[in-house]
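Chemist: One structure is given below, represented as structure tokens, and several questions about it will come after.
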Amino acid sequence: MKGFLYERKVFYYEVDQMGIVHHSNYIRWMEESRLALLEMLGLSYAEMEKSGLLIPVLSVSSEYKLPFQYGDTFKIQVYPRVFNGVKFEFGYNMYGEDGKIHNKATSSHCFTDSSLKPMILKKEYPDIYTKMKKWADENQVEEA
């Protein structure tokens, strides 16, 4: 499976009165999986922020197909949709233990300095650009 695979369980505080995961948690899980991906690439987001590089969210979309419940183990496949060194768009497939997709989502981001001025990653942070570009090129996924 291409992309980066992130796995964890649903915690009790993430479910609502109906016993299913509240929709807001899917966005949190997207962020968790992105940060885990960066760590896997040897890129600490905390260190990137200290150096003045930020990756703010521009947009998020999420399609809920099947609910998760407390205690479920799930996997998130994070994959690149667009990477050009100015913007980066991720796709997310969230799988249940049954192997079915429970959620399909996307998030788009840009690269900025600490004053939120957009930047060209290749010019300002060539080492980070090279790592991210290599991963993006090697992990393109055909979307259904």
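The values are calculated or read from the model by the stated rules, or taken from the named source; none is laboratory data. On a predicted model such as this, the values are computed, not experimentally measured, just so you know. Note: ideal-geometry Cβ built from the backbone for every residue, glycine included; neighbour counts use all protein chains shown.
Chemist: Just to be sure before I move on: is residue 107 touching a helix residue (DSSP H, G or I) at 6+ places or on another chain (Cβ under 6 Å), hydroxyl-bearing (Ser, Thr, Tyr) and at pLDDT 95 or above in the structure I sent? Break it down stepwise before answering.
Modeler: Working: touching a helix residue (DSSP H, G or I) at 6+ places or on another chain (Cβ under 6 Å): yes; hydroxyl-bearing (Ser, Thr, Tyr): yes; at pLDDT 95 or above: yes.
So residue 107 fits the description; yes.
Chemist: Could you list, in sequence order, the residues of region 78-116 that are free of Cβ contacts under 8 Å to residues at least 12 places away in the same chain and either among the basic types (Lys, Arg) or buried (at least 16 other Cβ atoms within 10 Å of the Cβ) (or both)?
Modeler: Result: no residue meets the conditions.
Chemist: Could you go through region 50-58 and let me know if any residue there is without any contact (Cβ under 8 Å) to a residue 24 or more places away in the chain and surrounded by 15 or more Cβ atoms within 10 Å (Cβ to Cβ).
Modeler: No, region 50-58 has no match at all.
Chemist: When the residues of region 59-77 are filtered to those that are in contact (Cβ under 8 Å) with a residue 60 or more places away in the chain and of a type in the set (Ser, Thr, Tyr), which remaining residue is farthest from residue 109 (Cα to Cα)?
Modeler: 70
Chemist: Quick check, is residue 136 of a type in the set (A, V, I, L, M), surrounded by fewer than 19 Cβ atoms within 10 Å (Cβ to Cβ) and either over 16 Å from residue 56 (Cβ atoms) or modelled with pLDDT of 95 or more (or both)? Spell out the reasoning first.
Modeler: Details: of a type in the set (A, V, I, L, M): yes; surrounded by fewer than 19 Cβ atoms within 10 Å (Cβ to Cβ): no; either over 16 Å from residue 56 (Cβ atoms) or modelled with pLDDT of 95 or more (or both): yes.
Against the criterion (of a type in the set (A, V, I, L, M), surrounded by fewer than 19 Cβ atoms within 10 Å (Cβ to Cβ) and either over 16 Å from residue 56 (Cβ atoms) or modelled with pLDDT of 95 or more (or both)), residue 136 does not qualify.
Chemist: Do we find that residue 3 is surrounded by 12 or more Cβ atoms within 10 Å (Cβ to Cβ) and within 30 Å of residue 129 (Cβ to Cβ) in this structure?
Modeler: Values: surrounded by 12 or more Cβ atoms within 10 Å (Cβ to Cβ): yes; within 30 Å of residue 129 (Cβ to Cβ): yes.
In short, yes.
Chemist: Only residues in region 7-18 that are β-branched (Val, Ile, Thr) count as the first member; pair them with residues that are exposed (fewer than 11 other Cβ atoms within 10 Å of the Cβ), Cβ under 7 angstrom, at least 6 apart or cross-chain, and list the lot.
Modeler: Correct list of pairs: 10/71.
Chemist: OK, next. Quick check on my filter: what residues within region 1-37 are within 20 Å of residue 61 (Cα to Cα), more than 12 Å from the chain's Cα centre (by Cα) and either assigned to a loop (DSSP other than H, G, I, E, B) or of a type in the set (Ser, Thr, Tyr) (or both)?
Modeler: Residues satisfying the conditions are 22, 23, 24.
Chemist: Among the candidates 79, 64, single out the residue that is of a type in the set (Phe, Trp, Tyr), under 18 Å from residue 103 (Cα atoms) and within 12 Å of the chain's Cα centre (by Cα).
Modeler: Numbers: 64 fails: within 12 Å of the chain's Cα centre (by Cα).
79 is the lone residue from the list that is of a type in the set (Phe, Trp, Tyr), under 18 Å from residue 103 (Cα atoms) and within 12 Å of the chain's Cα centre (by Cα).
Yes/no matrix, rows are residues, columns are (1) hydrophobic (A, V, I, L, M, F, W, C); (2) within 22 Å of residue 1 (Cα to Cα):
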position: 51; (1), (2): no, no
position: 70; (1), (2): no, no
position: 95; (1), (2): no, yes
position: 98; (1), (2): no, yes
position: 107; (1), (2): no, yes
position: 111; (1), (2): yes, no
position: 120; (1), (2): yes, no
